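The values are calculated or read from the model by the stated rules, or taken from the named source; none is laboratory data. Everything numeric here is computed off the predicted structure, so don't read it as measured data. All Cβ positions, even for glycine, are placed from backbone atoms using ideal geometry, and neighbour counts span all protein chains on display. What goes into the accessible areas is simple: the full protein's heavy atoms, side chains included, and nothing from ligands, DNA or RNA. Shrake-Rupley method; radii C 1.70, N 1.55, O 1.52, S 1.80 Å.
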Amino acid sequence: MSMEQDLLTQVHKTLLKTRKTIAVAESCTGGLASSLLTSLSKSSKYFILGTVTYSNRAKTRILGIPTSLINKKGAVSCEVTLKMAENIRKIAKTDFGLGITGIAGPTGATAKKPVGTVFIAVSGQKKNICKKCNFTGNRTAVRRKTALKALQLLYPILTCAPSSP
């Protein structure tokens, strides 16, 4: 079993065992994280909702991210990514929300945010975290690395969560 498959299996088993649910709001990964989370049988027991809120308008209209926050911090920022994770969790009424945004390239980069700059946030009922990552490679590689890193960030949070009755 590959390291990727092992991680996916561990996340899957933990979500099933703890009876916790998750919703995902993705931008640069275009649904790849949701695809990974739903790739195993019985994922419907924990995966409630996945959205690809690619445009700023979608982030505002669907996720309720304030336009002022996007204008001030940028769509590719920890603040916006945390709001994505928090708001998708609230919208879907899940235990966890996962937010992902970034610059997969080859265009869209700035001096402060080069291609490969991504933010991944996990929102739980008691704890929210956000991590900035800088990945290398082409668009496909950045998207794949981002989706896998999201699972890596999610897993330790899941293992600390008490089971639902």
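Residues that are in a loop (DSSP other than H, G, I, E, B) and open to solvent by 60 Å² or more (accessible area, probe 1.4 Å) within the range 3-42 comprise 19, 38, 39, 41, 42, listed in sequence order. Regarding residue 91, is this residue among the β-branched types (Val, Ile, Thr), in contact with a Lys or Arg (Cβ under 6 Å, 6 or more places away or on another chain) and farther than 19 Å from residue 153 by Cα? No; evaluated as a whole, the condition is false for this residue. Look at the range 29-41: where a residue is free of Cβ contacts under 8 Å to residues at least 40 places away in the same chain and a partner is open to solvent by 60 Å² or more (accessible area, probe 1.4 Å) and not charged (D, E, K, R), sitting 6+ places away or on another chain with Cβ atoms under 7 Å, you get 31/52. Within the range 43-87, track down each residue that is in contact with a strand residue (DSSP E or B) (Cβ under 8 Å, 6 or more places away or on another chain), hydroxyl-bearing (Ser, Thr, Tyr) and in a helix (DSSP H, G or I). Answer for the range 43-87, where residues must be in contact with a strand residue (DSSP E or B) (Cβ under 8 Å, 6 or more places away or on another chain), hydroxyl-bearing (Ser, Thr, Tyr) and in a helix (DSSP H, G or I): just 81. Return the total of residues in the range 133-143 being of a type outside the set (S, T, N, Q) and either buried (at least 19 other Cβ atoms within 10 Å of the Cβ) or in a loop (DSSP other than H, G, I, E, B) (or both). Number of matching residues: 4. Checking the structure you have, find out if any residue of the range 78-93 is touching a residue at least 24 places away in the same chain (Cβ under 8 Å), among the polar types (S, T, N, Q) and over 28 Å from residue 138 (Cβ atoms). Looking through the range 78-93, at least one residue is touching a residue at least 24 places away in the same chain (Cβ under 8 Å), among the polar types (S, T, N, Q) and over 28 Å from residue 138 (Cβ atoms). Can you find a residue in the range 155-165 that is hydroxyl-bearing (Ser, Thr, Tyr), part of a loop (DSSP other than H, G, I, E, B) and within 30 Å of residue 17 (Cβ to Cβ)? The answer is yes; a qualifying residue exists. Filtered by the rule that a residue be within 25 Å of residue 22 (Cβ to Cβ) and β-branched (Val, Ile, Thr), the range 110-139 gives 117, 118, 120, 122, 129. Would you mention how many residues in the range 121-132 are of a type outside the set (S, T, N, Q) and either surrounded by 18 or more Cβ atoms within 10 Å (Cβ to Cβ) or modelled with pLDDT under 95 (or both)? Selection size over the range 121-132: 6.
Looking across the range 94-116, the residues that are open to solvent by 20 Å² or more (accessible area, probe 1.4 Å), free of Cβ contacts under 8 Å to residues at least 60 places away in the same chain and of a type outside the set (Ser, Thr, Tyr) come down to 106, 108, 109, 111, 112, 113, 114, 115.
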